[in-house]
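As structure tokens, the structure follows; a few thoughts come after it.
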Amino acid sequence: MQLSSLRLGALLASPAVAYLVLFFVIPGVFLFAYSFWTAAAFRITPGFDFANYINSLTSPLFWKVTINAIMIGLFTATVTVALSVPVAYYLVYVKKSKFVLYLILLTWFSSYLVRIYAWRTLLGTNGLLNTLLLQFGIIDQPVEAFLFSPFAVTLTLIHIYLPFSILLVVSAFSDIKGDLLVASRDLGTSAIGAFFKVVAPNASSGLLGAFMLTFILVAGDYVTPQMLGGSSGQTTGLLIADHFRKTGNWPLGAAQAFLMFVVSLVIYLCISKIGQWAGVIVKRKKLSERRVV
């Protein structure tokens, strides 16, 4: 009986596994092989050379845009998850409103590029933000730094990925029964205390997943930095895209893509370790409180 269940599970999972292998694993292997090749005058020469990795690691431009991508990604992911938590808490525990959830999903019906152009209009020198600041007398002349800056990139990416993060956090909270919150409130815990003692520890893996997925999508984005970043808002994704589209240096772009993958993996491991340490501290605190009682 157990063997037949395993076969059935393998049969049901085989289409998804085949799709991932065909369109993700195999292209990833080819891309990794490309990273050791060389390119000159739009001609790629097969080989095995670490020059692409060495040139990237010793390039000030690569480190500049990589640090920029990491900072924008971490800040965007932090703000996005922080804004998603109260919305998800309301949708799951306060008022299970499908209408509000559908309104959040409706934002995806607008084009990605349309939203970027909308923010270009809002942040421009003649945009809504500068107009309001001028009317209230906060500034004397339009602020050009609002557009074509890391601020514009971050603000736009928060708007774009916030609905996605909300759905992930809602899914994480949905696995935690509301009865646990009621029980904690009956034991004298405040609403905020119930969240940090009941919801947050049990939904930590989901919150971490929402944070990291948002970070990876933001750090790898190259359309928004290209249209709103200017010279100070460039990221690694835009640099890699230029290697593939403009310079024709696919091996260098592939090497930088894998270096960015390693950076994302290190950040994930660090954040996971910090989460584990925080969990251990919380458990020790609870044990000490019980001993005192």
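The values are calculated or read from the model by the stated rules, or taken from the named source; none is laboratory data. Treat the numbers as computed from the prediction; the structure is a model and nothing was measured. Glycine gets a Cβ as well: all are built from the backbone with ideal geometry, and neighbour counts include every protein chain shown. Areas reflect the complete protein model, heavy atoms only, side chains present, ligands, DNA and RNA absent. Shrake-Rupley method; radii C 1.70, N 1.55, O 1.52, S 1.80 Å.
General observations
- Segments 204-217, 84-97, 155-168, 53-66 sorted - mean Cβ within 10 Å per residue, highest first: 155-168, 204-217, 84-97, 53-66
- Our analysis of the range 59-289 gives Rg over Rh at 1.04, with the two radii drawn from alpha carbon positions and Rh computed by the Kirkwood formula.
- Mean separation of Cα pairs under 8 Å and 6 or more residues apart, divided by the residue count, gives the chain a relative contact order of 28 percent.
- Accessible surface of the chain [probe 1.4 Å, protein heavy atoms]: carbon and sulfur percent: 71
- Derived scalar couplings between HN and Hα for the range 223-230 equal 6, 4, x, 5, 8, 10, x, x Hz in order, rounded to whole Hz, by the Karplus curve 6.51 cos²θ - 1.76 cosθ + 1.60 (θ = phi - 60°), x for Gly and Pro.
- What the phi angles of the range 90-107 give under the Karplus curve with 6.51, -1.76 and 1.60, with θ = phi - 60°, is a coupling list of 5, 6, 8, 10, 8, 9, 6, 9, 5, 4, 5, 5, 5, 5, 5, 5, 4, 5 Hz, glycine and proline written as x.
- Kirkwood hydrodynamic radius over Cα pairs of the range 1-143, then Stokes diffusion coefficient at 20 °C and 1.002 mPa s, in µm²/s: 97
- For the range 256-262, backbone phi angles converted through the Karplus equation (6.51, -1.76, 1.60; θ = phi - 60°) give residue-by-residue couplings of 5, 5, 6, 5, 5, 4, 5 Hz, Gly and Pro being listed as x.
- Across the cross-link table entries Lys98/Lys197; Lys177/Lys273; Lys95/Lys273; Lys177/Lys197, which are compared at the Cα atoms, the separations over 24 Å belong to Lys98/Lys197; Lys177/Lys273; Lys95/Lys273.
- Per residue accessible area in Å² of the chain, where ligands, DNA and RNA are left out and the probe is 1.4 Å: 62
- Centre separation in Å (Cα based) which lies between the range 213-248 and the range 54-119: 15
- Note: the range 178-270, Cα convex hull, 131 Å³ per residue.
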